[in-house]
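As structure tokens, the structure follows; a few thoughts come after it.
The values are calculated or read from the model by the stated rules, or taken from the named source; none is laboratory data. On a predicted model such as this, the values are computed, not experimentally measured, just so you know. With ideal geometry, Cβ positions are generated from the backbone for all residues, glycine too; neighbour counts draw on all protein chains shown. Ligands, DNA and RNA are stripped out before the accessible areas are found, and what is left, the full protein with its side chains, is counted by its heavy atoms. Shrake-Rupley method; radii C 1.70, N 1.55, O 1.52, S 1.80 Å.
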Amino acid sequence: MTEAAKGSRAAGIPGLVRGLAATARTLARPTHTSEYPDAPPSLPPRSRGVIALLAENCTSCMLCARECPDWCIYIDSHKETVPATTPGGRDRQRNVLDRFAIDFSLCMYCGICVEVCPFDALFWSPEFEYAELDIRELLHERDRLGQWMATVPPPPALDERSADPAEVSALGKPARAPRAPRQAAAEEGQA
Amino acid sequence: MTGLDVAFAAAGTVAAASAVLSVTTRHVVHAALWLVVSLGAVAGCYLVLGAEFVALVQVLIYVGAVVVLVLFALMLTRAPIGPNEEVSASPLHRALAAVLAAGVTALLAAVLVPLARVVGAVRRGGPGTTGLGEQLFGTWVWPFEALSVLLLAALVAALAVAGMARGRGAGEP
Amino acid sequence: MSPAVEVLVRTVAVLAAFLVLPLLVGQTEHKVMAHMQGRLGPMYAGGFHGWAQLVADGVKFAQKEDVTPAAADRPVFRLAPAVGLVPYLVALAAVPLSPGLVGADAPASAVLVLAATAVGILGTLMAGWASANKYSLLGAMRAAAQLLSYELPLVLAVASVCLAAGSLSLTAIAGAWSPWWLLWQLPGAFVFLVAAVAELQRPPFDMPVADSELVFGAYTEYTGLRFAFFLLAEYAGIVLMSLLFAVLYLGGWKGPLSGDLGWLWTLLKGFVVSVLVIWMRVAWPRLREDQLQRLAWLGLVPLALLQLALTGVWVVATA
């Protein structure tokens, strides 16, 4: 209308009509709203919802706690002596996990802890409904972290053309030939 | 005293009181708003007398356009909230204005009060909307048209003045 | 029925319509606007598709604190919502739904409605000035400039219809209406619709409340019920202007079965017009201040004058 008043009729009225048509078309189409609390959201694979702990796998190696950029992982452990299983054997020592806690008010969901864990004790779970009214209640202890293990999805399938995992390719290789006797070294030793 | 008498007296009292408040208040915007009340009460008087078209046009033109224009102009100034001492007149001015107003009131009263005695009680009457139109475009058509031409000339002149000041004429209010 | 009871019944009926119809339009706006933007709109309040959302909003507004700014002009500030709201109530009472169904059948109801809406504007100006807020003041100034400009084409467009019908009464105008008017009064209808939307400060003419520059214009400082009254006035304005458009240009209660269901026709036509007003809000961007003025003075006023001349010539020629 304004443009029409200005005299450039070609640009004005068709533009207004197009605007009306676009909104009318959208009106006729289904909406995009996902009704979240009623309908579960469809999360993409590998969603980073919360970090779950498989405590049996944890060796208290502290790698995750050290690598965490904002120091939100708390680990307490003590050493226990495992008596020797064979007569004359040596007593072993092993770490026993006392406390494993993640403060999700600090966590920035970078996933470095999951990456560095050498024994697959930490996993990403897509579960995200763990909001609290008090920020202090976001510090979740071992048992709560362990409950989330049930929601961890199975690892996604590899891409079709990707290389085999290291374990598989290692199986396919021929067994190493026995070492050649170290002739030279032996001679040198004699000399 | 009929019901119409009471209604007319009430509307008239409101009109007069708000008019007095309008000229005595130190709040500039309040003065304009009291003017609204006064004009509205005058429209009420018309309504009591049965001239509803005049009453409605009074509201439409004076309240809807003139006072809006006045308020618009006041907003362009630095009209403060609260009493504005800069615009209050000196005691001498005030006394002169009061004398003048009293004189006009006396004059009007001298003319109108005897007339009121002749007319007696307030009556709904008048020509009505149709009659008003016929009178306006029959008996009074020449003064009416002359007035229109005068207003048109004023409009064109205003446009010309605005155009002179700004280089090009544009129909801004 | 004794006169007193009849007056009471009419008042209650008008008040009920005044409180229900704007909510209906508001809910329609919620839903239509949402779906036009690919959303669902309110879905929870009341259960079925959020039908009670505006009732819930009203409850919320009633609970809020009624704040008056310290620097504000208290009496004017507190009075402004009433001045903005009551005229629409008065105007709505004069709009007929069918020949027998009208709150107050005034002989010059067309002028009454225009005069009442003109008074309603004062509420916005009072609010803007009394808030002691720069945004409010700017919003009120824009509102004043806009309303002054669009009042004229609105009155001229209505004058054309009155001329065509030979009456100032809305009932008589709709009675004189014939389908031929759809074509004959088309320019006037266009002018009326545009000017009415501008008068209501609805998008695309919402420069006075442009939220990106003026927060909420003249209503910035308002909270609670007083703010709700301004919103109610806006939606009551949509109802009023839509019904007025239906009565003036679409023949009001004329249609099949108009004898019994005439009022339904008026409401239906008015509803369609209000959906159009909502649609305009969704589809079009806001006009700039100078574009607003240009449209009013160079577009609508000449068009309205042309329509007036056309109507006059036709009426005189066929008389």
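So, in segment A:34-75, of the ones that are open to solvent by 60 Å² or more (accessible area, probe 1.4 Å) and either within 18 Å of A:Arg144 (Cα to Cα) or within 14 Å of chain C (Cβ to nearest Cβ) (or both), which residue ends up modelled with the highest pLDDT?
A:Tyr74
Do we find that C:Leu261 is in a helix (DSSP H, G or I) and at pLDDT below 90 in this structure?
The answer is yes for C:Leu261.
Would you point out the residue of segment C:244-275, among those that are within 21 Å of C:His30 (Cβ to Cβ) and open to solvent by 60 Å² or more (accessible area, probe 1.4 Å), that is farthest from the other protein chains (Cβ to nearest Cβ)?
It comes out as C:Leu268.
Does segment C:166-180 contain at least one residue that is within 14 Å of chain B (Cβ to nearest Cβ), more than 23 Å from C:Gln27 (Cβ to Cβ) and in contact with a Cys (Cβ under 6 Å, 6 or more places away or on another chain)?
Yes, segment C:166-180 contains at least one residue that is within 14 Å of chain B (Cβ to nearest Cβ), more than 23 Å from C:Gln27 (Cβ to Cβ) and in contact with a Cys (Cβ under 6 Å, 6 or more places away or on another chain).
If you check C:Ser212 against the conditions, is it among the hydroxyl-bearing types (Ser, Thr, Tyr) and at pLDDT 90 or above?
No.
Mind checking which residues of segment C:37-61 are open to solvent by less than 60 Å² (accessible area, probe 1.4 Å) and either more than 14 Å from every other protein chain (Cβ to nearest Cβ) or at pLDDT 90 or above (or both)?
C:Ala45, C:Gly46, C:Ala52, C:Gln53, C:Leu54, C:Ala56, C:Asp57, C:Gly58, C:Phe61
Please go through (1) part of a loop (DSSP other than H, G, I, E, B); (2) touching a Lys or Arg at 6+ places or on another chain (Cβ under 8 Å); (3) at pLDDT 90 or above; (4) aliphatic (A, V, I, L, M) for A:Ala84 and return the number of the only condition it doesn't satisfy.
Failing condition for A:Ala84: (3).
Could you list, in sequence order, the residues of segment B:1-16 that are within 17 Å of B:Val104 (Cβ to Cβ) and open to solvent by 30 Å² or more (accessible area, probe 1.4 Å)?
Hit for segment B:1-16 is B:Ala16, nothing else.
Mind telling me which of the residues C:Ala106, C:Ala140, C:Ala127 ends up being under 24 Å from C:Gln293 (Cα atoms), open to solvent by less than 30 Å² (accessible area, probe 1.4 Å) and at the interface with chain B (Cβ under 10 Å from one of its Cβ atoms)?
C:Ala140
Given (1) part of a helix (DSSP H, G or I); (2) at the interface with chain B (Cβ under 10 Å from one of its Cβ atoms); (3) in contact (Cβ under 8 Å) with a residue 40 or more places away in the chain, where does C:Ala91 come up short, assuming only one miss?
Of (1) part of a helix (DSSP H, G or I); (2) at the interface with chain B (Cβ under 10 Å from one of its Cβ atoms); (3) in contact (Cβ under 8 Å) with a residue 40 or more places away in the chain, only one is false for C:Ala91: (2).
Within segment C:1-36, can you find the residues that are touching a residue at least 12 places away in the same chain (Cβ under 8 Å) and within 14 Å of another protein chain (Cβ to nearest Cβ)?
C:Thr28, C:Glu29, C:His30, C:Lys31, C:Val32, C:Met33, C:Met36
State yes or no: is B:Ile81 of a type in the set (A, V, I, L, M) and not in a helix (DSSP H, G or I)?
When the stated conditions are applied, B:Ile81 passes them.
Can you name every residue in segment C:144-155 that is within 9 Å of chain B (Cβ to nearest Cβ) and either touching a residue at least 24 places away in the same chain (Cβ under 8 Å) or more than 22 Å from B:Leu39 (Cβ to Cβ) (or both)?
Passing the criteria: C:Ala145, C:Leu147, C:Ser149, C:Glu151, C:Leu152, C:Val155.
Pick out, from segment C:159-202, the helices (runs of 4 or more DSSP H) lying fully within it that include 3 or more residues that are open to solvent by less than 20 Å² (accessible area, probe 1.4 Å) and within 21 Å of B:Leu56 (Cβ to Cβ).
By residue number, C:170-176, C:186-199.
Out of C:Arg281, C:Arg294, C:Arg286, C:Arg226, which single residue is in a helix (DSSP H, G or I), within 14 Å of another protein chain (Cβ to nearest Cβ), closer than 29 Å to C:Phe18 by Cβ and out of contact with any strand residue (DSSP E or B) (no Cβ under 9 Å at 6 or more places or on another chain)?
C:Arg281
Can you tell me which residue in segment B:6-54 is nearest to the other protein chains (Cβ to nearest Cβ), limited to those that are hydroxyl-bearing (Ser, Thr, Tyr) and part of a helix (DSSP H, G or I)?
Among those that are hydroxyl-bearing (Ser, Thr, Tyr) and part of a helix (DSSP H, G or I), it is B:Tyr46.
Per-residue answers, yes or no, for (1) under 30 Å from C:Ala82 (Cα atoms); (2) modelled with pLDDT under 85:
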| site | (1), (2) |
| --- | --- |
| C:Ala236 | yes, no |
| C:Ser242 | yes, no |
| C:Phe245 | yes, no |
| C:Gly251 | no, yes |
| C:Leu267 | yes, no |
| C:Pro302 | no, no |
| C:Ala309 | no, no |
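Only one of (1) assigned to a helix (DSSP H, G or I); (2) within 11 Å of chain B (Cβ to nearest Cβ); (3) open to solvent by 10 Å² or more (accessible area, probe 1.4 Å) fails for C:Val113. Which number is that?
(3)
Residues B:Arg94, B:Arg26, B:Arg78: which one is in contact (Cβ under 8 Å) with a residue 12 or more places away in the chain and surrounded by fewer than 19 Cβ atoms within 10 Å (Cβ to Cβ)? Can you show your working first?
Details: B:Arg94 fails: in contact (Cβ under 8 Å) with a residue 12 or more places away in the chain; B:Arg78 fails: in contact (Cβ under 8 Å) with a residue 12 or more places away in the chain.
Answer to the selection: B:Arg26.
As an exercise: evaluate C:Ala82 against (1) crowded, with 21+ Cβ neighbours inside 10 Å; (2) under 23 Å from C:Thr68 (Cα atoms); (3) more than 10 Å from chain B (Cβ to nearest Cβ) and give the number of the one condition it does not meet.
That leaves (1) as the condition not met.
Quickly run through segment B:152-171 and pick out the residues that are at pLDDT below 75 and within 14 Å of chain C (Cβ to nearest Cβ).
B:Arg166, B:Arg168, B:Gly169, B:Ala170, B:Gly171
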